[in-house]
1. Take B:S405 and decide whether it is under 27 Å from the mean Cα position of the chain (by Cα) and more than 9 Å from chain C (Cβ to nearest Cβ).
2. Looking at C:K158, C:K140, can you tell me which residue is within 7 Å of chain B (Cβ to nearest Cβ), surrounded by fewer than 23 Cβ atoms within 10 Å (Cβ to Cβ) and in contact with a helix residue (DSSP H, G or I) (Cβ under 7 Å, 6 or more places away or on another chain)?
3. Inspect region B:541-552 for any residue being within 40 Å of the chain's Cα centre (by Cα), more than 9 Å from every other protein chain (Cβ to nearest Cβ) and of a type in the set (A, V, I, L, M) and give the result as yes or no.
4. Go through the residues of region C:327-343 one by one and say whether even a single one is of a type in the set (K, R) and either more than 10 Å from chain A (Cβ to nearest Cβ) or more than 21 Å from C:T109 (Cα to Cα) (or both).
5. Give me the residue from region A:158-200 that is within 14 Å of chain C (Cβ to nearest Cβ) and assigned to a loop (DSSP other than H, G, I, E, B) and, out of that set, surrounded by the fewest Cβ atoms within 10 Å (Cβ to Cβ).
6. With respect to the numbered conditions (1) within 12 Å of chain B (Cβ to nearest Cβ); (2) charged (D, E, K, R); (3) within 26 Å of the chain's Cα centre (by Cα), which one is the sole condition not fulfilled by C:K264?
7. Please state which of the following conditions C:H407 fails to meet, knowing it meets all the rest: (1) without any contact (Cβ under 8 Å) to a residue 24 or more places away in the chain; (2) closer than 27 Å to C:H354 by Cα.
8. May I ask you to verify whether C:V384 is of a type outside the set (S, T, Y), out of contact with any Ser or Thr (no Cβ under 8 Å at 6 or more places or on another chain) and under 19 Å from C:A65 (Cβ atoms)?
Amino acid sequence: MPLPDTLKLVKDFSRPSIAFAIARAPKSNQIFLGSSDFKVSAGDLTATKFEPKDLYAHASYVTGVALAGETLVSGGYDGKLTWWDTKNAKAIRSVEAHAKWVRKVVASPDGKRIASVADDMLCKIWDAEAGKLIHTLKGHEEKTPTFFVSMLYTVAYSVDGKYLATADKVGHVVIWDATTGKELSSVEAPTMYTWDPKARMHSIGGVRSVAFSPDSKWLAVGGTGKIGNIDHLEAKARVEVFDWQAKKQVAEFVADKSQGIVNRLEFAKDGSWLLGAGGAGEGFLIFMDVAGKKIIKQEKAPMHVHDFVLSDAADSLVLAGHNKVSQYKLG
Amino acid sequence: MLIALPAFRFSPCRSRPPMRTLCFATVAVLGFCAFGQTRAAELLPNNRPIEVVIDHYGDTLLKTDEITAGPQADDATLIRRLTLDLVGRIPTTAETDEYVKSKEPQKRAKLIDRLIASPGFVRHQASQFDVMLNNTVAGGDARKGTVRDYLAAALKEGKSWDKIFRELMLPNEADPKQKGASEYLRGRLTDADKLTNDVSVAFFGVNVSCAQCHDHPLVADWKQDHFFGMKSFLARTYDAGGFLAEREAGLIKFKPAKGVERSAKLMFLTGTEVKTDTLRELSKDEQKKEKEFTDKSKANKTAPPAPAFSARAKLVDLALKPGESEFFARSIVNRLWHRFLGAGLVNPLDQMHSENPPAMPELLTWLARDVAANGYDLKRLTRGIVMSKTYSRSSVNTSQSLPASKYFAIAKLKPMTPLQLATSLKIATADPTTFDNLKPDEFEKRIESLESAARGFAGSIAQPTDDFQIGVGEALLFSNSDRAIKEFLNDSGGTLLGKVKTLKDNGEIADLMVKTVFGRAAKVEERTAIAEYLQKRNDRPLEAQKHVLWALVTSAEFRFNY
Amino acid sequence: MPRNFFCGSTDHALTRRSFLGAATFAGIGAATGMSSLNALAAPDLAKDLKKNQKRVILLWLAGGASQLETWDPKPGAVTGGPFRAIPTDVPGIHISELMPEMAKRMKTTCIIRGLDTKNGDHGGGAKLMTRGRRDESGVKYPDLGAVVAREMGRAESKVPDYVTFYSQTEGRISGDSGFLGSRYAPMELTSGNSPEFLKRLDGINELDHQQRADLRDMFSKQFSREHSSNTLASHNEAYERVRGIMASETLFDITKEPQKIRDKYGKTQLGEQALIARRLVEAGVPFVRVARAWWDSHGQNFETHQEMVPELDHVMATLTDDLKERGLLDDVMIVTLAEFGRTPGINSSLGRDHFASAWSMSMTGGGIKGGSVYGKTDDKGQKVIAEEVNAANLFATIYSALGINPHKNYYVGARPIPLVDPGAEPIKSVVG
């Protein structure tokens, strides 16, 4: 796997909107974006001028795009999941998937399932082809301990597709059997949730990203640290890694040069490093050595990063975020 | 030159002009000239004692406007006022008696000198300056001390006001004698606008925060250029791993209410600019260096090196330079005047500009000139003010009307600060004989320990501001809180109540209580009322005595510095 | 009817007061004669005035709630954020989807969308929006609470006139009675829901408590005969009010409410304080401010509003229903207001910053015309394009709806001070 210090910015594209979600077919230069202009768009990374074309729209922010084979599934704040045939450029179906705002949409590694999470605190597993609801996973409280509405921010599959992880505002992380939908384990990352009863009486943070190690033993969980002034994302980026079966934390990373929240995590396919991306007023990339319990590299990103796609060979990284899409290479 | 302004008041920072037509010439003057620079020849000579000059100008104004000043305060009142003002507490009965009885012609000067030389003076003035500097800003590293710690150490050493200003603005974090000074800036680094305004208000008597968004509509002296000019001196300061650091360069741009974006200069309130080629954004290399310094500071726990060009140092130098130092000098004069007289020569304290002139402009100018020429010696200025007859007037007023505040014809009531009140309560409720026969340093130590014991309760009293309204919360606290009773109304050994319960005669009890609490003899009506109250409750004398003490210490006469 | 207290000369400034034999007098600069005004009001006149005593509950959204996530959503605009707009029970009016309960109650509420108040800093904005004008150097204007307390408070009242709750530590602003003096200064609750020290201690009986206070009074009055200052007057006022305030202790006791009602308001601090506010206005307290701090979402604006707006929505709807059921909604006005709104522009932390050029507030009940919207902002919410409102005419409107003449004068010394900035007119179309 390429080493983190070979990271190099290739191209940087300005966008008029905020890109919240990005998907890319393996070995393709076409990327799909879900953005704050409600649109799902497709763009060609190799084009001289990067001008993504709008494919279709949701009725609000698009927060998740996932590819299952040639089918693109998107989800957004309108609570809907839309299936789109990328080959023939036409809509397949639109489903009233969740009662509240959808926060993330992912595809299982084998492309047969779609998982979505939303602020109705449910994770739903769908048949990627037929669009039918297979499981509804209930494992997160609708209200926080102080009686406010909670949010279910993120979901990820393990590499072998056997497990799913979901994580919420208060730092509760649940690991599920992806096939049966049964809850297998849970871990807590309460540091990533700051509830301030004294100065401002509301909260900030939450676990925003989860990623399984390639052998599925570890689950990395990303957010931010405890915050004093919750008007701002003023703490340093934070990642905790758990042996989720033993319910033990195995590593903890506080990225001292990276202020903000970790919106996305992914392990390199050989497990030699873990990449986290996110931001606050600015953006960052963090490479971590989990076994060695140390941060390998912190790099300033061109913008607050909301999502990224990392190629299987980890030689190509495309970031999507606040008014920008950035392309990097490694190795 | 002084400009005569019409008598109408108008509100600053209003978005629409007032309905009444106001005619006044908008004078575009530099703030410097706006003080109505009185020619030196018109002022009293600089070798006069401060108190003589104060009384001269004060009496002149009274005469011109045909206002009769009230009489001088009596000795008991004066020692109470001086003790509260200088060392933050009421005098003990013994101190009062000695002063009142003394026939020494210079007794007042001797009293003042004794109080100023005592450790209590340093403690009290440090508290007062701490409040003045508005150091309720949160945050702070206990290991770095507090600003109040620094002030106490600085005042103990007799540091002058310009030195204190310099050390607060350019603290040497390695100097143990300046421990706590850095916290003044550090607590304000997350908000450059607040830092700018706090510094302007505290040291220059100028609140330009309105001018942040637009030129001050009615104060010609204060434009956006002034606000951003000041900010430019301060905005390069940042926190490097817990230490104060300053960038080599910086540029503030601002959008005026009308017109295109402008770049701010390093411009002081007088309009004087510091020319520099550092008015630019930091280069990438410089940004990198900044990061390195921050990391190094954190690692080595030392402050990063000062920049070759320090905008903040330039501000300090400029503000103290002869010809530029009027703001600085006038502000400290006004602040100390306000502290002792109960109102400033200019009010509000942060509106020292040409459209808010003092009633005694020559006095302010003379005092400012004097304090600057004498090394900004705070003790000297303090002494001069409290030696004046203007200061020592009585606050008693029995006529139907009160002369306007600006004449200082009648002394103003000053509500006690939380610490003054709590400490004074400790003294007033102690058995007065426990202060007898103490050697001076034993006495001072006793006072200091009473003060420390009082700090807890002081936390439940509000800090007075101008036009302070005492809320019903304070009355409820004294009326119904357990703590107030426990702290001040217990009759254990060494307390006034402990002494009182050994007395048999209700009249005697009344006399002792009034004398101890009010510092004066009881009036006939008072003795009668107290004796009656006690008599009615002779089945529970101890409780009744507590009630009487309560009534005395919660009364207005005790609560105020009159 | 205009009242001319003084002939205008300073010498006779206090003639009225001394004529009434008041033992204390405030110095020049106070609104002299204010307390005596109440005593002067003839009993029948007082009854008439107080017959429909209007009261106000101000929900102060400290820190600046976002108008785009509450009363003036712009879904689909680049500045609109992710939350959509929902229709309400008034055709044509849409509010944020974060407020579904108030959407069913828009018939009771008037939204002002065209606020342009120009002051985007917390301190200055708060001063402006609590008083309806900026302070001058030399005149300290009373805030809304003090004015309503002054206009609606009853001289012999056993309840406080002006109560404020501000329990969080951020941005805390005290109520301020300005030149109206200590009589109308608020009772401030900054920790807990009940004023401290309302209960007489066990070690003293009722009679002694009273007579001990009388003794204290004697000493103070004697001192006050020979001294004068506003602060001195406030000290005496404070003690005079103790017994009256002590009697109102049960009003603050939320356990006196049936559990069903408590459950409706919910377990959050805002819910509990709103319930206490209802108890207070029901007992005749003219003005209660409940501050909900702290909305200053410079980062993570959407997460913060997603968390906080539903609470506001629910509590406000519950309070509206509760007042209606008790027949109080015509007499009690619920106001939501803040120091400013938030920028249409969304920053990199997905936050919104301070914005005073085009923002919203609401008024419910209390003489306001429900089901109305006044003011229009452009499609991105960046500026007001119709029916602009500033702080002065907002306050003129509030006073007018409460039955207070906004153009009446108070007097500071001999100087008449109109209740609102001269020239400011109430919005006639929303005053019911």
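1. Working: under 27 Å from the mean Cα position of the chain (by Cα): yes; more than 9 Å from chain C (Cβ to nearest Cβ): no.
Judged against the criteria, B:S405 is not a match.
2. Numbers: C:K158 fails: within 7 Å of chain B (Cβ to nearest Cβ).
Checking each option against the conditions leaves just C:K140.
3. Keep residues of region B:541-552 that are within 40 Å of the chain's Cα centre (by Cα), which gives B:543-552.
From what is left, the residues that are more than 9 Å from every other protein chain (Cβ to nearest Cβ) are B:545, B:549.
Remaining after also requiring of a type in the set (A, V, I, L, M): B:549.
Within region B:541-552 (the criterion being within 40 Å of the chain's Cα centre (by Cα), more than 9 Å from every other protein chain (Cβ to nearest Cβ) and of a type in the set (A, V, I, L, M)), the answer is yes, since at least one residue qualifies.
4. Looking only at region C:327-343, we keep the residues that are of a type in the set (K, R), and these are C:342.
Among the residues that remain, those that are also either more than 10 Å from chain A (Cβ to nearest Cβ) or more than 21 Å from C:T109 (Cα to Cα) (or both) are: C:342.
Yes, the conditions are met somewhere in region C:327-343.
5. Within region A:158-200, the subset within 14 Å of chain C (Cβ to nearest Cβ) is A:168-170, A:192-200.
Among the residues that remain, those that are also assigned to a loop (DSSP other than H, G, I, E, B) are: A:169-170, A:197-200.
Numbers: A:K169: 29, A:V170: 24, A:P197: 12, A:K198: 9, A:A199: 18, A:R200: 26.
Out of the qualifying residues, it is A:K198.
6. For C:K264, the failing item is (1).
7. (2)
8. Working: of a type outside the set (S, T, Y): yes; out of contact with any Ser or Thr (no Cβ under 8 Å at 6 or more places or on another chain): no; under 19 Å from C:A65 (Cβ atoms): yes.
No; evaluated as a whole, the condition is false for this residue.
The values are calculated or read from the model by the stated rules, or taken from the named source; none is laboratory data. All values reported here derive from a predicted model rather than from experimental measurement. Neighbour counts run over all protein chains shown; Cβ positions are idealised from the backbone, glycine included.
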